[in-house]
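Only the coordinates and a few stated rules stand behind these numbers; no lab work does. Being a predicted model, the structure only gives us computed values, none of them experimental. In this analysis, Cβ positions are derived from the backbone assuming ideal geometry, glycine residues included, and neighbour counts consider all displayed protein chains.
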Amino acid sequence: MELSVEVKREIEILQKNIINSKSNKVFVDKESLKVASIKHIFSDGVYVREMKAEAGTFLIGKIHKQDHIWMLMSGSLITITEDGLKEIKGPVYGTAEKGSKRVAYVNEDCVFVNVISNIDNTKDIDLIESRATVDTFEEYEKFLIKNKNKKI
């Protein structure tokens, strides 16, 4: 998925404004575990991450290096996409394409699940995360250039 430069800029501005708001209901990474709980599940070749978040929480995702499956098991989210704001109500599932990044507002308490490839069955969450995501669009562009002729 290739986000337009304008959408990338808008997402980055929104992310910065949310983080700078000093709200105590912002989930950015594992440092934010007081805001949303995470459960890690492992199976052969697969890592599943389940997040529970309360209404009123902002979720700021990373940029994905690979396609993966997501599921909103319950609740509702409002996300910003290429097409603007979109409400997603669970239960529903879909795919997130590589290059995607989401900023979401939890409208109703929710349970959100990501299913990510884990071919060597590592249980090192930091390693899995570094293989699957990057923090910035610049890092993603460098990743694409470095892996131009590789199957990701």
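Extending 7 Å from Cα along the Cβ direction at residue 9 and again at residue 55 yields two label points whose distance is 3.6 nm. Here residue 86 is the anchor, and the aspartates and glutamates within straight C-alpha reach of less than 16 Å, apart from those fewer than 8 places off in the same chain, are 10, 108. Taking a ≥ b ≥ c as the square roots of the eigenvalues of the Cα gyration tensor of segment 39-152, is the shape rounded (a/c under 1.5), prolate (a/b larger than b/c) or oblate? Note, shape of segment 39-152 comes out oblate.
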